[in-house]
Every structure is written in structure tokens, then in C-alpha cells.
Amino acid sequence: MALIAIDLQQPQPLDWCRRLEAGDILYFPQTPIPFRPEDLSFLLGQQQTGSTLHKNIAYKPNLDTVSGLDAGATGLQQLTAVMRQYSQDVSSFLTGFLSPYQGRWQLDYASFRPQEEEGRDLPLRRRNDLLHTDAFPTRPTRGARILRFFNNIHPSRTRDWVVSDPFGVLAPRYAPLQIPLPASGNPAGRALRSLAQVAGLGYAIPSLKRSPYDDFMMRFHNFLKENAEFQANCRKEYLQFPAGSSWMVYTDMVPHAVLSGQYALEQTFLVDHEAMVSPETSPLAVLEAMTHSALV
Ligand SMILES: [Fe+2]
């Protein structure tokens, strides 16, 4: 894992894609995303009251709605407008910046994280301060990659992360001995999944619409968070992202945790697996090589 400081004067989109797919973090000391001062001060004026129900405030571009706001909170309309603008700005920046991926991603949720991360009281599997790779419990990606773009919008403080070895190193270390490999060869599971698809139930039953790949990625996320030995002894790299900076990373392959910081924005992209410039490094390819079978 390397932190690559980006020089926008020297565009090298193919290399940037390759770096991301190798598990590097692309870092912008000064964010390339424009913010209106009034929008920033509006965001910095928001303070969620330690709810465990919603980790973050989410903006769903396909519905143009914001969820996760405290009950009774005001400013929903303005928050929606600010998040819509952020989502559009990140999306249009990356369209040029990562041109090899152009038109080959799905714009997923954006989030606003107004709470102090240090000492948050969340259930173990939802904690942000334990190293983990990302997987979505209710939105399987079926091999698409989870690419996340972050902004530290705190006026002065750093956002402090720790990262560890990428998926391609960790998966063979723990699977299949400590965590079972995907059960693509399990006829009962396969039959159940196709039955659910025929009956149109795939979207009603989250665990059934997950491919064997998604199922493994979810279990791997949980395994890492629940593994005290891994959390204590794995190789760690500590990163501090200054106020006003941006960074992006494939969070499905790079284990990450946020240790402290307040006020961040984030936009998620689900990038088609077929768009990878180094497909052999993806979690799907790693797992398919380990299992010798197709997992989506
Ligand atoms: Fe995460």
C-alpha cells in the first residue's frame, strides 16, 4: 500500500486506475472538489446526536433523497441540495480523472459524517475504528468494485486512518482455514438462489440475492472486525488526512479504520469488474483463483 500524492498537472489516468487497483490510496493535499463557503458552513453547523440507528447521513442520487437525519432536525431541503451538488461534483471530476472507467460505474450513495469518530458507541460489526474491508449487507455488488472518494471538511483537524495489507494478501492467509471459502459448489444454496430468482424473491431476501462472492465479502468484513488477533497484530500504516484534503481508495480490498476526525463527506462508486485495468488483482479474481470456480 502506498499513498500517492496526485499532481493534476500531469494526468496519467491509466496509471491512477492501476494504482487504485493495486491497493494504493490516491491523495489530494488540496481537494479538487469546489465547495461554496456557505455550503461548508452549513455542513459544519450540523451535529447528529450520537444515534446508533444511523451511522451517517446518506444521500441517494437515484432517488435524490437524504436519509439518516435526526428526527425533528431542520434543514433537510438545504442538506439535500448540498449533498446533490457534492455528488455531482465528485462524479464529474472522476469522469475525467479516471477516464478509463468512464461510463462504467454506478453512482452509489454519498454520505456525510458529522460525528466525532473517536469513542463512538456502535455495535461491533458497525464500528468504524476496527480494520475492515467494505461489503454492503443489503446491496450486493456481484463483483463490482467499491471505490470511495473522501473529503475531510473539518476546518482544522486531520482525519486519522489506519490501513493494512490488501485483500490479496489477507484472503489466502485466513481462507479457508479460519473462514470458509465461497460456497459456489454448494448445490443446496445454488438451488435456493435460482428458485428465489424464478419466484422473483431475490430482492425481498437479502441473503439470497447475494452471490457467493458477496456472501464471502460480507463474512470477511465481519471476520476481520471480530478477529481480535488480527486487529492487534496485523501490519498497520497510520495516515493523517489534513483539513481540506481528499483521498480515494478501493475500500473492498484495502482494510481501513478511522480512528479520529469529524466532518467528512464521501461518495461511493460501484465500478464494473469488466472495467478493471488489472482485473487479476480484484477480490473477485483472487477468490475465483482460490476456488477455481465462478462466484457471480
Ligand atoms: Fe469502511
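What to note about this one:
- Selection from the stretch 132-150 of residues that are more than 13 Å from the ligand (Cβ to nearest atom) and basic (Lys, Arg): Arg139, Arg142, Arg145
- Check on Asp70, at pLDDT below 95, closer than 16 Å to Ser111 by Cβ and touching a Ser or Thr at 6+ places or on another chain (Cβ under 8 Å): yes
- Test set (1) touching a strand residue (DSSP E or B) at 6+ places or on another chain (Cβ under 7 Å); (2) crowded, with 16+ Cβ neighbours inside 10 Å; (3) of a type outside the set (A, V, I, L, M) - Phe93 fails condition number: (1)
- Options Asp108, Asp134, Asp121; residue that is assigned to a loop (DSSP other than H, G, I, E, B), closer than 30 Å to Phe223 by Cβ and under 14 Å from the mean Cα position of the chain (by Cα): Asp134
- Filtered by the rule that a residue be away from the ligand (no atom under 12 Å from the Cβ), within 17 Å of the chain's Cα centre (by Cα) and of a type in the set (A, V, I, L, M, F, W, C), the stretch 242-263 gives Trp247, Met248, Leu259.
- Where strands (runs of 3 or more DSSP E) fall entirely within the stretch 211-296, those with at least 1 residues that are among the charged types (D, E, K, R) and in contact with a strand residue (DSSP E or B) (Cβ under 8 Å, 6 or more places away or on another chain) are at 237-241, 264-271.
- Criterion applied to Val271, Val296, Val277 was being in contact with an Asp or Glu (Cβ under 9 Å, 6 or more places away or on another chain) and either surrounded by 20 or more Cβ atoms within 10 Å (Cβ to Cβ) or closer than 22 Å to Asp165 by Cα (or both), and the one residue passing it is Val277.
- Whichever residue in the stretch 92-131 is of a type in the set (Lys, Arg) and within 15 Å of the ligand (Cβ to nearest atom) and, among such residues, is nearest to Phe42 (Cα to Cα): Arg113
- Residue in the stretch 42-54 that is at pLDDT 95 or above and outside any helix (DSSP H, G or I) present: no
- Long-range neighbours under 6 Å by Cβ, at least six apart or interchain, first residue of a type in the set (D, E, K, R) within the stretch 60-74, second surrounded by fewer than 12 Cβ atoms within 10 Å (Cβ to Cβ): Asp70/Thr49
- Pairs with Cβ under 7 Å, 6+ apart, first in the stretch 141-164 and on the phi < 0 side of the Ramachandran plot, second within 16 Å of the ligand (Cβ to nearest atom) and at pLDDT below 95: Val163/Met1
- Scan of the stretch 93-126 for residues that are touching a Cys at 6+ places or on another chain (Cβ under 6 Å) and small (Gly, Ala, Ser), ordered by number: none
- Scanning the stretch 151-169 for residues being hydrophobic (A, V, I, L, M, F, W, C), more than 15 Å from the ligand (Cβ to nearest atom) and either part of a strand (DSSP E or B) or buried (at least 21 other Cβ atoms within 10 Å of the Cβ) (or both) gives a total of 1.
- Taken across the stretch 97-110, residues that are out of contact with any strand residue (DSSP E or B) (no Cβ under 9 Å at 6 or more places or on another chain) and within 19 Å of Ala257 (Cβ to Cβ) do not occur at all.
The values are calculated or read from the model by the stated rules, or taken from the named source; none is laboratory data. The shown structure was predicted, so the numbers you read here are calculated from the model rather than taken from an experiment. Every residue, glycine among them, receives a Cβ derived from its backbone with ideal geometry; neighbour counts consider all protein chains shown.
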